[in-house]
Amino acid sequence: MKDGEDAEGWKWFLELLVEAIPLLKMQHPYNRCRFCYFTVISDRQKGLIQALQQVFPDNHHCFCSVHIARNVEKEVGKKVAKLVHALSATFSKRESDELMAKINAISARGKKYLEGISANQWRSTAWVDDPTLPPRFGIVTTNMSESVNSMVGDARDGSWLECTNDIVRKMMNRICSLREENYGREGVVDKVAEILESRWKNCSNFQVREVVKGGSQFDVFHPSRGASQPETNRLLDVREQTCECGKWQEHGVPCIDAVAYYRLFETQTLQYIMDNHVSEHYKYETVNELLKENIVPVSLDILDQDGVTLPPNRTKRSSGRPRKKGSGNDLVSPMIQTNHPLFVADARREDTTLKHVLQESNLRNNNQLSLTFLEQYITVITIIRFQYYLWIGGSSSNSCSGSNSFGNYSVVET
């Protein structure tokens, strides 16, 4: 971003993002949630925090546990930092208290530092205390974003137009590959099915007791399995689909207590549980619907020169990764206005930023600039990050399974 990642720069980016993807502000489908559907996870960059409060005031904002751990390491050392992720991920208050006691024994200052970070922005125990918080689906880091950044990393070496085009091409290949891999499959995705099978086997000796006759709450008792797993019990609400363990409402998949209820009290089969009690997000039918349509590509050859837009004047060095030096011949030739809804600028200069191009084009075209190209690649990256990697993961390969290659060209189905 121009002039660094300050609050103003982030605000500009987020406003463009919500203009391209209005659904980011959609209401949450769960009535119990007091925030919008999409949750933001960040590295706690101060400018970004300020901008999010202005542009996305109704979306919950969480912090990456890895970045918190790195900050803790700088403050008090590695011993405390190693415990941060476990503290973030656990739903057990007992385990959380034990971790905090260990941290305090190592460094009281480290404990005070962690307690100064709002719990409902990074510690899973807060989701047990407050059911109005939107589920994070087990995501407590920004690792998926880092994976996508790595996948499209080479694109940053060119001009903004070349960069955008390269990202779109890679995402098209990725969608095509995943679509071919999962086409025709049905039911719960493999990873979730394996988790449910394990829970089914391990709950056979649980006891399920109705709290109020005809009510929705049940007490689920776990017998002891040795010193490492003492006996315990949890309260389950089958109407609200919540459990004191926190996992049911967090993931949208029945936790071991819910599986015990359906198996032992309702006498349902494992297959029935998979078909009727697992969120649609975790089914291949949803995956295939998500991947059904690919990005509509834009050929750079149909764009003409502009001759109007000038490169921006930088007032200070931008933060973030430094640009690699390269030959001017590697950059895209100057482009400009055509009948296509995207308007582009002189891309010969490496410092021609997307922000400047959009601003100049808006002025020239009475604010009628279409964000089609920007919308395409941001939308796909957002959806792939938020949903597909969550559901079934998969290889980060950019090759297209089943595509036809002719020399240095490849054919990708849209």
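The values are calculated or read from the model by the stated rules, or taken from the named source; none is laboratory data. Owing to the predicted nature of the structure, the values given are computational and were not obtained by experimental measurement. Note that each Cβ is placed from the backbone with ideal geometry, even for glycine, and that neighbours are counted across all protein chains shown. For the accessible areas, the whole protein counts, side chains as well, though only heavy atoms, and no ligand, DNA or RNA atoms are used. Shrake-Rupley method; radii C 1.70, N 1.55, O 1.52, S 1.80 Å.
If amide hydrogens are placed 1.01 Å from N in the peptide plane, which non-local residues have theirs closer than 5 Å to the one on residue 28?
37
Out of segment 185-293, which trypsin sites (Lys or Arg not before Pro) are coil in DSSP terms and have no more than 14 other C-beta atoms within 10 Å?
Details: sites: 185, 191, 199, 201, 209, 213, 225, 234, 239, 247, 263, 283, 292; in loops: 185, 213, 225, 239, 292.
Answer by residue number: 185, 213, 225, 239, 292.
Enter the per residue convex hull volume of segment 164-234, computed from alpha-carbon coordinates, in Å³ rounded to the nearest integer.
Each residue corresponds to 208 Å³ of Cα convex hull volume.
Obtain the radius of gyration and the Kirkwood radius of segment 1-140 from its C-alpha atoms and give Rg over Rh.
Rounded to two decimals, Rg/Rh equals 1.01.
Given a cut-off of under 8 Å on Cα pairs at least six residues apart, what relative contact order in percent is computed for segment 175-226?
Rounded, it is 23 percent for segment 175-226.
Note the direction-averaged projected area, equal to a quarter of the hull surface, for the Cα convex hull of segment 38-114, in nm².
Computed as one quarter of the Cα hull surface, the answer is 5.5 nm².
Please report, largest first and rounded to whole Å, the three semi-axes of the ellipsoid equivalent to segment 63-104, where each semi-axis is the square root of five times an eigenvalue of the C-alpha gyration tensor.
The answer is 17, 12, 6 Å, longest axis first.
Which residue, 99, 40, 116, has the largest displacement toward the positive end of the dipole of segment 1-119 when charges sit on each Cβ (Lys, Arg +1; Asp, Glu -1)?
Among 99, 40, 116, the one farthest towards the positive end of the dipole of segment 1-119 is 99.
Please state the relative contact order of segment 1-110 as a whole percent: Cα pairs under 8 Å, 6+ residues apart?
This gives 20 percent for segment 1-110.
Over 28 Å between Cα atoms: which of 74/170; 213/283; 46/292; 78/170; 25/79; 46/78 fall into that group?
In this structure, 74/170; 213/283; 46/292; 78/170; 25/79 lie more than 28 Å apart at Cα.
For segment 103-170, what Kirkwood radius comes out of the mean inverse Cα-Cα distance, in Å?
15.6
Expressed in nm², what is the orientationally averaged projection area of the convex hull enclosing the Cα positions of segment 80-194?
Mean shadow area of the hull around the Cα atoms is 11.5 nm².
Do me a favour and compute the ellipsoid semi-axes for segment 205-268 from its Cα gyration tensor, root of five times each eigenvalue, largest one first, whole Å.
Output for segment 205-268: semi-axes of 19, 14, 11 Å.
Just want to confirm a number: the relative contact order over segment 58-121, from Cα pairs under 8 angstrom separated by 6+ residues, in percent.
Relative contact order comes out at 33 percent.
On the accessible surface of segment 88-131, probed at 1.4 Å, how many percent belong to carbon and sulfur atoms? Write down the numbers at each step before the final one.
Details: 1130 of 2320 Å².
The C+S portion of the solvent-accessible surface of segment 88-131 is 49 percent.
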